Amino acid sequence: MKIITNLLLSLTLVACMASCETDPGTVDPTNPDNNPGKPATGAVTPVGNPEGTATTATIGPAGGIIQSADKRVQIQIPAGALTTNQTISVQPISNHCPAGTGQAFRLTPHGINFAKPATITFQYNEDDVNGSHPALLRIAYQNDKGIWQSPTVKSIDTTAHTVTVQTTHFSDWGLFQKMFINPYNSFLNPGDKVHLKVFQTMESEFEDDLIVPLPILIPTKYIEKWALSGEGTLSHMHNEGDYYAPAKIPATNPATVTVFLNKSTTIEGKVYKDLRLITNIFVAPEGISVQLNGGEWKTYPGGANINPTHNVVLGQSGAEYASVGWKGAPTGTFRWTKSADVAFNIIKGSLIYQHLYGTAPSVSGGSLKVDNTDDTWVVGTFTVEPAGWIDTTPPGKMGTASVKGVFRMKRVGVGAQ
């Protein structure tokens, strides 16, 4: 998701604001409770750059449907909207909308006007919702002054994961979050902290083509409460808070901080209540950390090699090595296998721990959970119950152990941020 990037980008464009369209009332981003009405100063952002292959289709008076190659956006032009055949194009572009999320699209020709409204439907995914809520997703277009405007949402389908608006013209269109918590996920060393802020872009529900402004801190009247699930401590005041990670690796990762909103939203007569914003906070040193039989954690620095053939997280401390590996998707939950398809190993000199135990051997219980959705970090947790161990020193011994693990690794080739 590009919320943080777009927020920083937008803040560099404040100097352009003098040329923007504005409504009466000034916005004070340092004191959101003093902002009169909706924040209406439009953010001027750059035009998006092409990213991927355009899709084209010829659509005439009978109407028709065109969608992007990845099926993220679909445009339905009704019969009677056009009087002649037109070449319609959908071009993926970078999303510079304030609080924008995911891919935006350039719909052409820009100068076209429809006699009947066309329907634009965006497909959203989990990344688009991170830090926000499906009912708080909106669609905006960029006008010829570089300002983003958001038409009234016609529908949000939380089962099909779609957001729909209607329009009589084409422009550059993107999905954005109306309210969100920033950052929406964090990766901390034990003992570190992260500062959290709750933002909004738009407040009014009832006007068409609202200008999308720079995000500001959400008015405190819309926050019902903050809550922490997991270890660590949380302090907060109004629309900002601090999470302090525990001094040691917690038993459960990640911790979650939830901001419950004192607000509902109504879309096409449907009321969405119980709106909440969630941020996930993963606490672990960089490396793969292992706990044997409930003892002290030991961390093995290393890296993650994520590829279509076999994914491996490998760390080393002196002459000792620890690794987990799995075949398949880079994100998911995996069970240990008798083969090396999903495997765990620690090599401590002549002592070897693994995901198999006994002389047969039997496959250990437990699982490996991996999250590879962040741009920098591959994170995960695992349990091996029981793990088998073998002492290769003659005459050789074997036994079982309880193993817990956690890892936070950069992908091979990803530098420090």
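Read the figures in this text as sums done on the coordinates, not as results from a lab. What you are looking at is a predicted structure, and each value in this text was computed from that prediction instead of being measured. Virtual Cβ from ideal backbone geometry, glycine too; neighbours counted across all protein chains shown.
Note on H195 and T58: the extension gain reaches 44.3 nm, defined as 0.36 nm multiplied by sequence separation minus the Cα-Cα distance. Evaluated with a Cβ-only charge set (Lys, Arg +1; Asp, Glu -1), region 287-410 carries a dipole of roughly 140 debye about its Cα centre, given to the nearest 20. With contacts taken as Cα pairs under 8 Å at a separation of at least 6 residues, the chain carries a relative contact order of 11 percent.
Using only helices, what value at 222 nm comes out for the chain when you add -39,500 (n - 2.57) per DSSP H run of length 4 or more and divide by the total residues, to the nearest 500 deg cm²/dmol?
After summing the helix terms and dividing by the residues of the chain, the value is -500 deg cm²/dmol.
Quick check on my link table: of K154/K263; K71/K369; K327/K410; K225/K404; K71/K197; K248/K348, which ones sit more than 26 Å apart, alpha carbon to alpha carbon?
Cα-Cα > 26 Å for K71/K369; K225/K404; K71/K197; rest within.
Only the Cβ atoms of Lys and Arg (+1) and of Asp and Glu (-1) were treated as charged; on that basis the dipole of the chain about its Cα centre amounts to roughly 900 debye.
Proximity of backbone amide H atoms, modeled 1.01 Å from N, is registered between A104 and I93, N95 at under 5 Å, excluding neighbours fewer than 5 places apart on the same chain. Between H238, A340, F105, the Cα set farthest toward the positive side of the dipole of the chain (charges on each charged residue's Cβ, about the Cα centre) is that of A340. Taking amide H atoms as placed 1.01 Å from N in the peptide plane, the amide H of S367 lies under 5 Å from those of T383, each 5 or more residues away in sequence or on another chain. Comparing T337, T152, T299 in a Gaussian network model of the chain (Cα springs below 10 Å), the most mobile by mean-square fluctuation is T337.
Springs between alpha-carbon atoms under 10 Å, Gaussian network over the chain: tell me which of T121, T309, T220 tops the mean-square fluctuations. Looking only at T121, T309, T220, the largest GNM fluctuation is found for T309. Only one residue of T400, G302, I288 has its Cα farthest out toward the positive end of the dipole of region 287-410, where Lys and Arg carry +1 and Asp and Glu -1 on Cβ, and that residue is T400.
For region 137-147, putting each phi into the Karplus relation 6.51 cos²θ - 1.76 cosθ + 1.60 with θ = phi - 60° gives couplings of 7, 9, 10, 9, 10, 9, 7, 6, 9, x, 8 Hz, in residue order, rounded to whole numbers and with x for Gly and Pro. Computed from the Cα positions only, the extents of region 339-417 along the three principal axes stand at 49, 25, 20 Å, in decreasing order.
Amide hydrogen proximity for F114: with H placed 1.01 Å from N in the peptide plane, the residues at 5 or more positions away or on another chain lying under 5 Å are H169.
Seen from every direction in turn and averaged, the convex hull around the alpha carbons of the chain projects onto 23.6 nm². Build a GNM of the chain with springs between Cα atoms under 10 Å apart, and of T201, T159, T233 the one that fluctuates most is T159.
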